[in-house]
1. Give me a count of the residues in region 30-46 that are among the charged types (D, E, K, R) and surrounded by fewer than 18 Cβ atoms within 10 Å (Cβ to Cβ).
2. So which of Thr19, Thr50 ends up being buried (at least 18 other Cβ atoms within 10 Å of the Cβ), in contact with a helix residue (DSSP H, G or I) (Cβ under 9 Å, 6 or more places away or on another chain), over 24 Å from Glu108 (Cα atoms) and hydroxyl-bearing (Ser, Thr, Tyr)?
Amino acid sequence: EAIAPRVSGVLGSADPTRTARKLKHMRIFGLKDFKLKLGFDADVDRENLTVVSRKLAKGVKSGKLTLRVDVNGGWSPGETPGRIDELKPYGVCVVEQPTYCRADELVELARRCSIPLMADESLVSLADAETLLPAGAKVWWNIRLSKNGGITTASRLAAMAVLSGIPFV
């Protein structure tokens, strides 16, 4: 049986009009999962969030579309829970790597956040995955061949996630 691949459209620009245009093209091509990069400045981030969430609101609400944000480690651990609370009205389902930290620190941070976090830089090795397991679905996993040491390790990580009920991309 063939596995239907899921492809995320990556959005984000210092120009929210450009972000809207890219989103329109991605929707024409049938994409259903979207990742919005944050970290430009507060006003641009807010405009990008508004533009993207407005265009995706109906689909996100019905569960046909998803919206996640990637902060690329741009927030401090102290500000992260409050910043994440601000994302709730936009329909964001997960916040990718809001701060650069070890896996154990991400687990602790996820306990204080109202939206799940996604481990990217905090998930490199099988040892990191073992550390993340107790967080369950509060910490989703970003698994990539290039980051996680090739197909064998990435496959083992995916199997761990499936067996533990942890969402992953």
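1. Total satisfying the criteria: 5.
2. Thr19
We did not get these values from a lab; they are worked out from the coordinates using the rules stated. Every value quoted in this text rests on a predicted model; they were computed, and no experiment measured them. Glycine gets a Cβ as well: all are built from the backbone with ideal geometry, and neighbour counts include every protein chain shown.
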